Amino acid sequence: MSRAAQIGLAGAGLLALALWAWAATGMLPVAAWPRLPFRAGEMSLDQILLAFGMMPRGVVALVAGAALGLSGALLQTVLRNPVADPTTLGISSGAQLALVLATIFAPGLLVEGRWPVAMAGAALAAALVLAVGARRGFAPVTMVIVGMLVGLTASAVATAVTLSQGQYLLSLVIWNGGSLVQQDWSGVLSLAAVLACGSLAAALLARPLRVLSLGVEGASGLGLNVAAVRSAGIAVAVGLAAAVSAELGLIGFVGLAGPALARSLGARTIPQRLVLSPVIGALILSLCDGVVLAVAGASGEMFPTGALTGLIGGPLLIWLLPRLRGSTPPGREAAEGAAPRLARPMLLLLGLLAALIAAALVLVWIGRVPGGWAILDAQSFSDFLPMRLPRLIAAASAGAALATAGALLQRLTGNPLASPEVLGVSGGAALGFAAVVYLSTAATGPMLYAGTMTGGVIALALVAAYVMRRDMPAERILLAGIAVSALASAVLSAMMASGDARSWTVLAWLSGSSSAVLMPGALALAALALLLWGAALTTARWLTILPLGAGVAGGLSLPLRRARLLLILLAGLATGAATVLVGPLSFVGLMAPHMARRAGLARPVHHVTGAALVGALLMLLADFGARMAGFPYELPLGLFASLIGAPWLLWLMMRTGK
């Protein structure tokens, strides 16, 4: 490591110390600080707050940051993946979901502490991601896409559960943001013990990991038990990340930033990275917490430190993308077995259209009343039609738009895990909505719609601009979208985790609802969905060639960059329009194209049309279920659709092989 790097690290450490000291002296002058050993009975209230609040907070930031840095370094070394960390692989989200479920539904599991529950959730998430990754040779981009999708699923479920329990709302939002607030030294001691054990294990693994860096074949030829070394390294990394999640909540991307900066500062060997990454991770988290304390001292607003660390994740992931080696193996439908090809697909398309119309009619006529299920009479039908028809039209149109976007993305990338949720548009739209809610004293409907669409367009522009500057493999376009979405989610978390009551409004919209839609808005969304479907059909030749790979596309004189950009624009517009209604958490864009393809709709025109019809039908059913499942209360439409999609997603990922 160069002398300049050493000076930079020392300067970062001094800055972190200065920020903490500035906050501490704001509470109590240095001359009045308590002396060791701390005895609460002999201290004033301010001294107790300093000795058992501020001081352990400063230390826990260092210990937790070091643990996350070491966890990320181990994951990146074991998987040979420079963008692996507990956040991008879904490990932290798994721990978060387990703790949320235990807190609300089984608090007895937390009697012995949060650690066992967090470990179980993190281990399950890691096992799922690794099971899929093993079928793809642990390809870097595939691992991150699968991990982020698992994280999205876990976050959707956690949000649904949190939203259903209003009494836990603000506390869970703040905890999920990664709060470093401490009440004593117990958390510091626990995490320090975990870090010490993890550091010892990493030291013992350093030499086997150096051999593993030669590659699986080379390491096996030298007698290394590759599976055992991988399992041990991943187990240590998962344990470190789960311990931090259990103690502090969700703190993102420190494990990504630590090793990345260690490499950029000159850590070339594995032992050097295993030593330097925890140091940098500790400095990053300590600096972020210092900024939080400084903002709190200046404005009085306190928000979880973990929400701030996420702000570095998206830009860092985008910066690392061109440095990825290898490529994601194409995830064509053949990986799921030979997909059927119908000789007469128009019959199926007409059948889907008839089913859609029949479902709409049936769902208008039937419903629940206090006495049970009922079929509406003529007068009741006439009374309810003006309320039900707009939301049915809007739900079907949103489903068709999302499905169209999903079909375009899956054919563009040749990857069955592509969906609008990871393009980044949904996250940008959510951020735009939240910005209007927080910045306006009385947000109106048009203002919210404008903010939502503006956020989606900005996110789309970022992805498109990034892709146009580089001739990147198509599947990395997905990862660029994930990075933008991660950045938007981090900003959103920072806004919401302040504890403001407006968090409820944002969470409610994030879950999706069609209850407030009016007929003009429903018809506008239907018209836009039809226009986007028609535009997608005009790109049928591109959609036929692109899944065959860039080489074939170039050989057939396809304008590759222009085709990619236009298809991304179409998918982004479709996603942005639907997100205004259903929120960013639906998986219809993932499910519908697969259902259409597995039903035998192979040609692009038939595939896109079938996906749109299936998406509309799925969203109609989701809207009906959201209205009826919790009668007389309505469940959120977007979250209801995502909870339908989560099992499909897990099943799909387990089936999709190399």
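Summary table
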item: Only one of P56, P37 that is closer than 18 Å to V188 by Cβ, in contact with an Asp or Glu (Cβ under 8 Å, 6 or more places away or on another chain) and of a type outside the set (S, T, Y); result: P56
item: Output for region 356-403, where each listed residue is touching a Gly at 6+ places or on another chain (Cβ under 9 Å) and outside any helix (DSSP H, G or I); result: W373, A374, I375, L376
item: Candidate set from region 206-218 (those that are touching a Ser or Thr at 6+ places or on another chain (Cβ under 8 Å) and part of a helix (DSSP H, G or I)); member that is surrounded by the fewest Cβ atoms within 10 Å (Cβ to Cβ); result: R210
item: Test set (1) within 24 Å of A201 (Cβ to Cβ); (2) more than 21 Å from the chain's Cα centre (by Cα) - M143 fails condition number; result: (2)
item: Of all residues making up region 240-272, the number that are among the basic types (K, R) and under 27 Å from the mean Cα position of the chain (by Cα); result: 1
item: Qualifying positions in region 200-213 - in contact (Cβ under 8 Å) with a residue 60 or more places away in the chain and closer than 12 Å to P271 by Cβ; result: A202, A203, L205, A206, L209, R210, S213
item: Test result for G281, in a helix (DSSP H, G or I), buried (at least 23 other Cβ atoms within 10 Å of the Cβ) and of a type outside the set (A, V, I, L, M); result: yes
item: Any chance L74 is buried (at least 17 other Cβ atoms within 10 Å of the Cβ) and assigned to a helix (DSSP H, G or I); result: yes
item: The lone exception for P34 - which of (1) touching a helix residue (DSSP H, G or I) at 6+ places or on another chain (Cβ under 9 Å); (2) assigned to a helix (DSSP H, G or I); (3) over 30 Å from A267 (Cα atoms) it fails; result: (2)
item: Failed item, numbered, when L180 is tested on (1) at pLDDT below 75; (2) touching a Lys or Arg at 6+ places or on another chain (Cβ under 8 Å); (3) aliphatic (A, V, I, L, M); result: (1)
item: Residue list for region 312-355, restricted to those being in a helix (DSSP H, G or I) and modelled with pLDDT of 85 or more; result: P345, M346, L347, L348, L349, L350, G351, L352, L353, A354, A355
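The rows are residues; the columns are (1) modelled with pLDDT of 70 or more; (2) assigned to a helix (DSSP H, G or I).
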residue: A418; (1), (2): yes, no
residue: V436; (1), (2): yes, yes
residue: A443; (1), (2): yes, no
residue: L448; (1), (2): yes, yes
residue: G455; (1), (2): yes, yes
residue: A461; (1), (2): yes, yes
residue: I482; (1), (2): no, yes
residue: V506; (1), (2): yes, yes
residue: W509; (1), (2): yes, yes
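Rundown of residues vs (1) touching a strand residue (DSSP E or B) at 6+ places or on another chain (Cβ under 7 Å); (2) surrounded by 24 or more Cβ atoms within 10 Å (Cβ to Cβ); (3) in contact (Cβ under 8 Å) with a residue 40 or more places away in the chain, yes/no style:
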position	(1), (2), (3)
T87	no, yes, yes
S93	no, yes, yes
L99	no, yes, yes
I104	no, no, yes
P107	no, no, no
G121	no, yes, yes
A134	no, no, no
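The values are calculated or read from the model by the stated rules, or taken from the named source; none is laboratory data. Worth saying up front: this structure is predicted, and the values here are computed from it rather than measured. Using ideal geometry, Cβ is built from the backbone for each residue, glycine included, and neighbour counts are taken over all protein chains shown.
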